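Right, one structure below, let's go through it.
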Amino acid sequence: AGLVTAVAPGIVTITAASEGKTGSVQLVTTFSAVGTVTVSPDTVLILTGTSQQFTAVVKDSVGRVLTDRTVTWSVDPTKAVVSSAGVVSSLIANGNFTVTANIGSTSGTASAKAVTLINLRPGGSHTCGRNELGEIYCWGLNNYGQLGIGSTQSKLVPVQVRSSMVFDDFSAGEV
């Protein structure tokens with residue numbers, strides 16, 4: 001028994017020999033069609049003055065990862081810029097936009113939110129900031145739920161506080 005693995009598209013002749021007998025067959029290999037494109041991270045907050053690296057995983061229709069494809073990245077050019085390597089920088093102070101990875105007619109998307117934080121307030125082991133829209137974002141230790149995000153999971157990057165209210169001012173508090 002033998003196993004043939006294609007490494008590139010094309011035509012190859014495979015010959016086998018055993019006990020003085022030989023046999024040959026021509027094998028035609030082609031590219032696998034793209035089945036899905038998955039963009040990571042799928043949802044991200046981009047602070048003003050920073051950039052975010054996005055990556056795309058390309059799979060065929062049976063779930064095999066395809067590494068030989070070129071991804072073309074796109075964003076709304078009025079809201080952000082994206083490099084050919086998938087690095088995104090926001091052009092807006094506050095707002096949402098979509099990052100798209102295209103391979104032919106197949107694409108995957110991620111959601112991005114641009115935020116400019118003002119009025120930064122330090123807490124005991126966390127920090128919070130408000131954007132111009134009155135939304136509060138916090139990060140740091142969260143062992144008592146002090147970040148206001150509905151869990152006690154600490155965050156290294158700002159996460160929006162769970163609230164339907166708009167704030168003019170706030171305090172991060174001490175815990």
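The values are calculated or read from the model by the stated rules, or taken from the named source; none is laboratory data. Not measured: the values here are computed from a predicted model. Glycine also receives a Cβ, built like all others from the backbone with ideal geometry; neighbour counts cover every protein chain displayed. Side chains included, ligands, DNA and RNA excluded: accessible areas come from the protein's heavy atoms. Shrake-Rupley method; radii C 1.70, N 1.55, O 1.52, S 1.80 Å.
Consider T36 against the criteria (1) over 13 Å from the mean Cα position of the chain (by Cα); (2) at pLDDT below 95: it satisfies all of them except one. Which criterion is unmet? Result: T36 fails condition (2) only. The sole residue among A8, A93 that is surrounded by 12 or more Cβ atoms within 10 Å (Cβ to Cβ) and among the aliphatic types (A, V, I, L, M) is A93. Filter region 96-118 down to the residues that are open to solvent by less than 40 Å² (accessible area, probe 1.4 Å) and under 15 Å from the mean Cα position of the chain (by Cα), then identify the one that is nearest to T50 (Cα to Cα). Taking the candidates together, the pick is A114. Residue check: is V71 at pLDDT 95 or above, touching a Leu at 6+ places or on another chain (Cβ under 7 Å) and over 30 Å from G129 (Cα atoms)? Taking the combined requirement at face value, the residue does not satisfy it.
Kindly evaluate A80 against the criterion of being farther than 30 Å from A6 by Cβ, in contact with a strand residue (DSSP E or B) (Cβ under 8 Å, 6 or more places away or on another chain) and open to solvent by less than 80 Å² (accessible area, probe 1.4 Å).
Criteria met by A80.
Set side by side, the residues V157, V166 differ, and just one is within 26 Å of T55 (Cα to Cα) and surrounded by fewer than 16 Cβ atoms within 10 Å (Cβ to Cβ), which is V157.
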